[in-house]
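Below are the structure tokens for one structure; questions will follow.
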Amino acid sequence: MPTKIIAHRGASSKYPENTMIAYKQALKDGADGIELDIHLSKDHVPVVIHDETVDRTTDGYGFVKDYSVSDLKKLSAGHWKGWKYRKAEIPTLVEVLEWIKTTHLDLVIEMKNNLFPYKGIEKITLDLIDQYGMMERTIFSSFNHDGLLTIKKLNSAAETAPLYSKPIQDPVNYAKSIGASGVHPYFRITTQQLVKKLHDNGLKIRPFTVNSPHFMTTLFQWEADAVITDEPAIANKLRKIKVK
């Protein structure tokens, strides 16, 4: 199988990250899936935004958890990428699922429950994924590996993959110990030996965040299962060259 292209927060290098504009562009750019981040709003609704606060990517300020969905919807999630994107909103997970279920795209959900535990976020998210028939196309990922254990306890069929930015001594046994089907390491700590070792043990590897054409080409050559990138269009062009 050729290496898949997962658009990190959508086609986020040029479009406002984690917005429907960026996701739809990723589909046009030839991505095989999208990656997004979720938090819970004040009224316990999964909303798609990277940071714990709205400060960086909207015209508001404060913690996501202190906003209701209706108030989050009043913020501009796109103006910082250009005035023409000023009407872009923070999507709810439901809005993304309504759209993505009609496409061929896979979905990587990063649970952003590192700073705040967001009680119940795992079950709420799993229930929505199940409701929209997306379980077989969804991978749950997080730097909070305890949260991934909770996912597996709630649904043993859910596919999980821990995120990590520093080398793990024995990633194969570690992944298996938490019931994960693969790993999502920082691309700079990814080696050909690691890819082979994981594959030899039936595990998948999807490095993040791969924006350098050189590293994209290298990971295609190593046959990583996917690259997670802000530049799906560039990755798609390079993959076509590799396939030829």
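No lab work stands behind these numbers, since they all come straight from the coordinates. These numbers were taken from a predicted model, which means no experiment stands behind them. Note that we place each Cβ from the backbone using ideal geometry, even for glycine, and neighbour counts take in every protein chain shown.
Within region 192-208, how many residues are in a loop (DSSP other than H, G, I, E, B) and out of contact with any strand residue (DSSP E or B) (no Cβ under 6 Å at 6 or more places or on another chain)?
2
Could I ask something else about it? I'm told V48 meets every condition in (1) touching a strand residue (DSSP E or B) at 6+ places or on another chain (Cβ under 7 Å); (2) closer than 15 Å to F116 by Cβ; (3) of a type in the set (V, I, T); (4) free of Cβ contacts under 8 Å to residues at least 60 places away in the same chain except one. Can you identify the failing condition by its number?
(2)
Is it the case that some residue within region 83-95 is in contact with a helix residue (DSSP H, G or I) (Cβ under 7 Å, 6 or more places away or on another chain), surrounded by 17 or more Cβ atoms within 10 Å (Cβ to Cβ) and assigned to a helix (DSSP H, G or I)?
yes
Which residues, taken from region 149-186, are under 16 Å from K204 (Cα atoms) and either in a helix (DSSP H, G or I) or touching a Cys at 6+ places or on another chain (Cβ under 9 Å) (or both)?
P171, V172, N173, Y174, A175, K176, S177
Residue-wise test of (1) crowded, with 20+ Cβ neighbours inside 10 Å; (2) out of contact with any Cys (no Cβ under 6 Å at 6 or more places or on another chain); (3) among the hydroxyl-bearing types (S, T, Y); (4) under 19 Å from E122 (Cα atoms).
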{"residue": "K24", "(1), (2), (3), (4)": "no, yes, no, no"}
{"residue": "G30", "(1), (2), (3), (4)": "no, yes, no, no"}
{"residue": "H39", "(1), (2), (3), (4)": "yes, yes, no, yes"}
{"residue": "P46", "(1), (2), (3), (4)": "yes, yes, no, yes"}
{"residue": "H50", "(1), (2), (3), (4)": "no, yes, no, yes"}
{"residue": "V54", "(1), (2), (3), (4)": "yes, yes, no, no"}
{"residue": "G60", "(1), (2), (3), (4)": "no, yes, no, no"}
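Still on this structure, I have one more. Which pairs do you get when a residue that is touching a residue at least 40 places away in the same chain (Cβ under 8 Å), found in region 125-138, comes within reach of a residue that is of a type in the set (F, W, Y) and surrounded by 19 or more Cβ atoms within 10 Å (Cβ to Cβ), reach meaning Cβ atoms under 9 angstrom, with the pair 6+ apart or on two chains?
Taking only residues 6 or more apart or on different chains, the pairs are T125/F140.
Here is a further query. Considering every residue within region 145-168, establish whether at least one is more than 15 Å from the chain's Cα centre (by Cα) and on the phi > 0 side of the Ramachandran plot.
Checked against the condition, which is being more than 15 Å from the chain's Cα centre (by Cα) and on the phi > 0 side of the Ramachandran plot, region 145-168 yields no hits at all.
A follow-up question, please. Got a sec? Which of D51, D59, D55 is part of a loop (DSSP other than H, G, I, E, B) and under 17 Å from the mean Cα position of the chain (by Cα)?
D51
Would you mind finding the one in S165, S156 that is free of Cβ contacts under 8 Å to residues at least 60 places away in the same chain, surrounded by fewer than 15 Cβ atoms within 10 Å (Cβ to Cβ) and within 28 Å of G30 (Cβ to Cβ)?
S165
For region 142-155, does any single residue satisfy the condition of being polar (S, T, N, Q) and under 21 Å from T53 (Cα atoms)?
yes
Filter region 168-204 for residues that are more than 15 Å from E35 (Cβ to Cβ) and either touching a residue at least 40 places away in the same chain (Cβ under 8 Å) or among the polar types (S, T, N, Q) (or both) and give the result.
Selection gives Q169, N173, S177, S181, T190, T191, Q192, Q193, N201.
Is it fair to say K74 is basic (K, R), part of a helix (DSSP H, G or I), surrounded by fewer than 20 Cβ atoms within 10 Å (Cβ to Cβ) and out of contact with any helix residue (DSSP H, G or I) (no Cβ under 7 Å at 6 or more places or on another chain)?
No, not satisfied.
When you go through (1) touching a residue at least 12 places away in the same chain (Cβ under 8 Å); (2) under 17 Å from V94 (Cα atoms) one by one for Q25, which number turns out not to apply?
(2)
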